[in-house]
1. Given the C-alpha centroids of the range A:116-179 and the range A:1-48, what is the distance between them in whole angstrom?
2. Let me know the shape class of the protein assembly as shown, please: from the alpha-carbon gyration tensor, a ≥ b ≥ c as square roots of the eigenvalues, rounded when a/c is under 1.5, otherwise prolate if a/b is greater than b/c, or oblate.
3. Please find the FRET efficiency linking B:GLN244 to A:ARG89, where r is the Cβ-Cβ separation and R0 is fixed at 60 Å, and quote it to the nearest 0.05.
4. What is the dipole size for the range A:2-220, taken about its Cα centre, with +1 at each Lys and Arg Cβ and -1 at each Asp and Glu Cβ, in debye to the nearest 20?
5. Taking Cα centroids, how far is the range B:211-243 from the range A:218-259 in Å?
6. Other chains near A:166-179: what is the mean number of their Cβ atoms within 10 Å of each residue's Cβ?
7. Please compute the alpha carbon radius of gyration of chain B, then divide it by the globular-protein estimate 2.2 N^0.38 Å. Two decimals is fine.
8. Evaluate E = 1/(1 + (r/R0)^6) for B:ARG139 and B:GLU69, where r is the Cβ-Cβ distance and R0 equals 25 Å; express this FRET efficiency to the nearest 0.05.
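Here, each number is a calculation from the coordinates, and none is a lab measurement. As the structure is a computational prediction, the values presented were derived from the model and not from experiment. Cβ coordinates were reconstructed from backbone atoms using ideal geometry, including for glycine residues, and neighbour counts include every protein chain displayed.
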Amino acid sequence: MSQQLINAISLGAVYALIALGYTMVYGVLRLINFAHGEVFMVGSFIGLAALSVFHLPFALAVLVAMVGAALLGAVIERGAYRPLRSAPRLAALITAIGVSLLLQNLGMLILGAAPRAYPPAIDPAPIAWLEERAGVVVTRQQVVILAATAAILAGLSLIVSRTKIGKAMRAVSEDRQAAQLMGINVDRVIAFTFCLGSAIAGAGGVFYGVYYGTADPLMGLMPGIKAFVAAVLGGIGSVPGAMLGALLMGLVETGVSSVTLRVSPSLVLTGSTLRDAVAFAVLIAILLLRPAGLLGRPGREKV
Amino acid sequence: MDSVSDPALLTLESCTVSFGGLIAVDELSLQVRPGELVSLIGPNGAGKTTVFNAITGVYPLARGDIRLEGTPLGGLPPHRVARLGVARTFQNIRLFRGLTVLDNLRAAMHHGSDYDLLRAALRSRRWAATEARLQAKARELLGLFELEGRAEEPAGSLPYGEQRRLEIVRALATGPRLLLLDEPAAGMNPAETQRLMDLIRSLIERFSLTILLIEHDMRLVMGVSDRVVVLNHGREIAAGTPQQIAGDPAVIEAYLGEPTH
C-alpha cells in the first residue's frame, strides 16, 4: 500500500509540474495552451541532450532544460498567441492545437519518431535500508525527483505570493483590464507567465525522461492531457488546485494500474489499458458534477 | 483657455470616439486645471464613461487629441497612461477580489520600477527596504480611508461601501496626478455620500490631485465641483459653475428635468 502511495506521488509530481503551466496560463489569458505538452517534450529533449551529449550533471541539465523551455514558451506566446490577443478565444484555442501539432511533427522530422534512451542520470536502484526496514521500494530517483519537485513548487509559491510580478500575475488573472489601468504591463506579465509555466514543464520533462528512461516527440501528448485533466480537477486557474489535482490523478492512475478486470474470457482489461480511460472518466465526471473543479471558484465569467 | 502656455493638466481637443457607425463622443473639448474638480454629468448613454476610457487609452480616438500636461496620450497603451499619472475607479467595482486588501494596493503600487525577481529571491536589503516602504505607504492610505483593519482580508469579502472606498484607495496607490472617479457614490446612502464628498475634497489637498468625476447624485456634484460639464449624446451641451449649470435651460431639459432625479 505504502509502495503504491510512493509511486502515486512520483507520478503526481510530474503531472503537477505540467499542470501548473496550464493553470497559470489559463489564469492570465483564459486560454488552454494545448501546446504545453510539447513544451514538456522539448524540455525533456533538451535535458537529454544536456545529459548524454554534453554530459552535464543532472541539476545543471534540469536548469538548462528549464531555460530552454522558458524560451520556447516565450516564443510561442509572442509568435502565436499575442497577435490573437483581441481575437475570439476560439481562434487562440485552435492556434494552440496547431502549435502543438507543429511541435510534434517538427520533433519527428528533426529527431525521428523512434523513442530514444534517456540516460539514468540518477541511480535507479532502490534505497537498501528503506527496503530492509520498511519493506518499501523507494529509488534514489524518486527521492531526488520528489525533492526537486517540492523545491520548484516552493519557489513558485514564493514567486506568486511574494514578488511584484507574482502580485501582478494574480491581479491580471483577476481582472486584466483593471490591472492594466493600475499601470501593470499586461503583455509582460503574460509573457512571464508563459516562461514560468514552460520552465516548470521543462523540468518535468527531464524528470519524466529519467524516470521512464525514454523520450520521443509524442511523449508530451498523454502526460499533457492527463495534466490538463489534473488542472481541471483541481480548478483551472488555481495553483494549489493544480497541485492537488495532479496528486489525485497520480493516486487514481496508480490505483487503477493494479486492477485487472475480467469482462469476459476474451476481454480482459488490465490496469494499463484502464488507466487512460479512467483519467478521461475523471475529466467527464468533474465537468458534469463540479465544472469549477475542487478548489476553483464557481462560475464567475468575466466580461 | 486664456493662456498660450497651456496651464491645463488635462486637455481634450475635439475628441471623437466611435464604435462602428455609432459616435459615442463627438468633438468633445475639455480642459482641467491642476487642483480642479470637474464633474461630467449627463443622462445614461451620454458618453461619460467613454470619455474615461478614451483618456486612459482603453478606447482609441477616431479624431482629436488628449494631453496630460502637454504630453500627448493618444495611442499609448493603458498601462503607460497609468504610469504617467492617470488613475481611475470603476462604476461597477472591479477590485482584484481574490487578493487581500493590502495586495490590491501593492499590485497598484508595484508598477514603474522593473520587476526585481532576482533581488526578491536574494532578499537583498534594498528589496526589503522598498517592500517596507510600500507596505508603510499602503497602510497609511488604508488608515486614511478607515480600512486598516481589513488589510489582510480578501477584497471581495468587504461590504459594499468599503469596496467602493477601496477602489479609490487602490487608484491613489498608483500615485496619480489625475484621478478619474466613475460614480463613486453609486449605491451609497445620503450619510455615506456626505462623508464621501468631504473625503473627495480633502484628497485634492492632501495628494495634490486633480479630479474628473462622473456622478449621478446631484447633491454630490453640486457640493464638490468647481466646474460641471454636461454631456448629451456624446456632445457638450453646457459647461460652467454648478450654479450656472443648475439654471441652464438646456441642461434642465436634457437632464435635471427628468422626474426620476
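1. 10 Å
2. Numbers: a/c = 2.43, a/b = 2.36, b/c = 1.03.
The shape class here is prolate.
3. Numbers: r = 49 Å, r/R0 = 0.81.
Efficiency computed from Cβ-Cβ geometry: 0.75.
4. Values: 14 positive and 9 negative charges, 148 e Å.
It works out to roughly 720 debye.
5. Answer, in whole Å: 56.
6. Values: counts 6, 10, 5, 1, 6, 10, 2, 3, 10, 5, 0, 6, 13, 8.
Averaged over the peptide's residues, the number is 6.
7. Ratio of Rg to 2.2 N^0.38 Å for chain B: 1.05.
8. Numbers: r = 30 Å, r/R0 = 1.20.
About 0.25, to the nearest 0.05.
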